[in-house]
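To start, the structure itself, in structure tokens.
The values are calculated or read from the model by the stated rules, or taken from the named source; none is laboratory data. Just so it is clear, the model here is predicted, and its values are computed rather than measured. Backbone-built Cβ (ideal geometry, glycine too); neighbour counts: all protein chains shown. Calculation scope for accessible area: heavy atoms of the full protein, side chains included, ligands and nucleic acids excluded. Shrake-Rupley method; radii C 1.70, N 1.55, O 1.52, S 1.80 Å.
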Amino acid sequence: QVQLVESGGGLVQTGGSLRLSCTASGNIYTNNIMGWYRQTPGKQREKVATITSGGTTDYGDSVEDRFTISRNNPKNTIWLQMNSLKPEDTGVYYCITKPFGTARYYWGQGTEVTVSS
């Protein structure tokens, strides 16, 4: 089993910044993808950003140029630096990990982000 623990959510004003972190533990594959998905009000869950164990990143269209994902492989930790936040970024952010070559996603419990206008 894999456990993911997120932190860093909170309340921020429009234009502000937040930094989310996620640490994985348990039966972690060396080659994997880690990242963030979010559930925003009235919308389907969407990908925010992912990063492979080799450092390749991918961003959702709505956050590119505002959010930056990074990771520390020995610590099994990723971060999501969110800048220029907008009210539409409000939602629950979930950390995920997926071993390469599998379709198995592991999910964290989620952390809430609220951006006030």
Gain on full stretching of the segment that runs from residue 77 to residue 47 - 0.36 nm per residue minus C-alpha separation: 9.0 nm
Charge dipole magnitude, Cβ of K and R +1, D and E -1 - the chain, Cα centre, debye nearest 20: 280 debye
Extension gain (nm, one decimal) between residue 39 and residue 116, 0.36 nm per residue minus Cα-Cα: 26.0 nm
Debye log10 I(q)/I(0) for the range 46-98, one point scatterer per Cα, at q = 0.14, 0.17, 0.29 Å⁻¹: -0.36, -0.53, -1.37
Per residue, in Å², the accessible surface of the chain once ligands and nucleic acids are set aside, probe 1.4 Å: 52 Å²
More than 26 Å apart - percent of Cα-Cα pairs taken over the chain: 14 percent
Using a Förster distance of 30 Å, the FRET efficiency for residue 105-residue 13 (Cβ separation, nearest 0.05): 0.40
